[in-house]
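Report on the structure given below.
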Ligand code: A2P
C-alpha cells in the first residue's frame, strides 16, 4: 500500500458512512487504519463504539502461546484498546518467526504442526480478556468449522467465517451450513478482486464485466459493482469491498436505496461458476 493511501481511504470511508473496517497485520497498514479511526474520533465524527474493526491472526502465530501477544501487537499498532472481531486468517499454520512467508531452500512453504482447536482456545481467552469483542475464522471449510464447533468444552463459537464470495463464487453449501450454525459469512473479494496476477486466478473472467450484472444495473441506474454488493447483502452475506478511490468508495456505499427482485436474485445466483479468484494455493 503506498504510504498514506490507506489513511485517506479509511477517513473517506468513515465520512461516507462505512463503519466495518476489515484489516490484518499482514496488510502492513494497520498503523494507518488506527490513525484514521483515532483522527475521526478526535474530530467528533464517530465514537470508538461506532466502529467495527476486524483484525486477523496470521499463519505464523497459530501456537496458542503466540495468539494473545500477537493480538496485543496489533492493538499497539492500531493504538486501540480492543478489536471488535479477531479471526484466524487461514486454517493452515506456518513456521513461527519473523518470516511472514517462511520457505525452505527449495522455495517450499514451511508449515507448522499446530492444533486448530488449541489455537481456538487461545482466541477464546482473548475474548474473555476483553481484547476482542468477538472471535471468528476465515477461509475455513465445513470440516474445519466442525472441528471447532465439536470441540469438547467449546466456550465461544466462531461468530463469522470470512471467505471469498461474489456472484461467480456464491458458496451455496457453505452459506447454508453457516446459516444453520448462526455463523455469519463475510464475503471477501465481493467485486471480483483487483485481478493482480501475483495472487489472483485471472483465468476466471472479470466479474464487473458480466452482462447480467450490467443489465440489471441499467434498470436501477446502478453499476455492476453495486449490483454485486447488493446481491450479497440481500442474501445476508456481509461484504467488504476494497477501494482506494474516493468516488468508488462512495459508489460502493450507495446500495441501500434499492432492492433486487427475487427473480433477479435467482438470475445472479445462476452466474455461479464455482471458481475462485483467490486460490490460496499455499
Ligand atoms: P480501486 O481501489 O482503484 O477502486 P475486491 O473488493 O473484490 O477485492 O475488489 C477490489 C478491486 O476493485 C480493486 O482493484 C478496486 O480498485 C476495484 N474497485 C473497487 N470498487 C470498484 C467499483 N465500484 N467499480 C470498479 N472497480 C472497483
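The numbers here are math on the coordinates, done by the rules we state, and not lab data. In this text, all values refer to a predicted model and were calculated from it rather than measured experimentally.
Look at the Cα gyration tensor of segment 236-282: its axes a ≥ b ≥ c give a/c of at least 1.5 with a/b at or below b/c, and that counts as oblate.
Express in nm, to one decimal, how much length is gained between residue 196 and residue 142 on full extension, taking 0.36 nm for each residue of separation and deducting their alpha carbon distance.
16.6 nm
Can you give the Kirkwood hydrodynamic radius of segment 217-260 from its Cα pairs, in Å with one decimal? Walk me through the numbers before you get to the answer.
Details: mean 1/r = 0.0937 Å⁻¹.
Value: 10.7 Å, from the Cα pair sum.
With no solvent and one point per C-alpha, what does the Debye sum give as log10 I(q)/I(0) for the chain at q = 0.13, 0.15 Å⁻¹? Normalising to I(0) and taking log10 leaves -0.95, -1.26. Taking only the alpha carbons of segment 54-175, we obtain Rg and Dmax values of 14.8, 42 Å in that order.
Would you mind computing Rg(Cα) / (2.2 N^0.38 Å) for segment 1-112, counting N as its residues? Could you put the intermediate results ahead of the total?
Working: Rg = 15.6 Å, N = 112, 2.2 N^0.38 = 13.2 Å.
Rg over 2.2 N^0.38 Å, computed on Cα atoms: 1.18.
Compared with the dominant Cα axis of the chain, that is its longest principal axis, helix 211-220 is turned about 70°. The value for segment 173-280 of Rg(Cα) / (2.2 N^0.38 Å) is 1.07.
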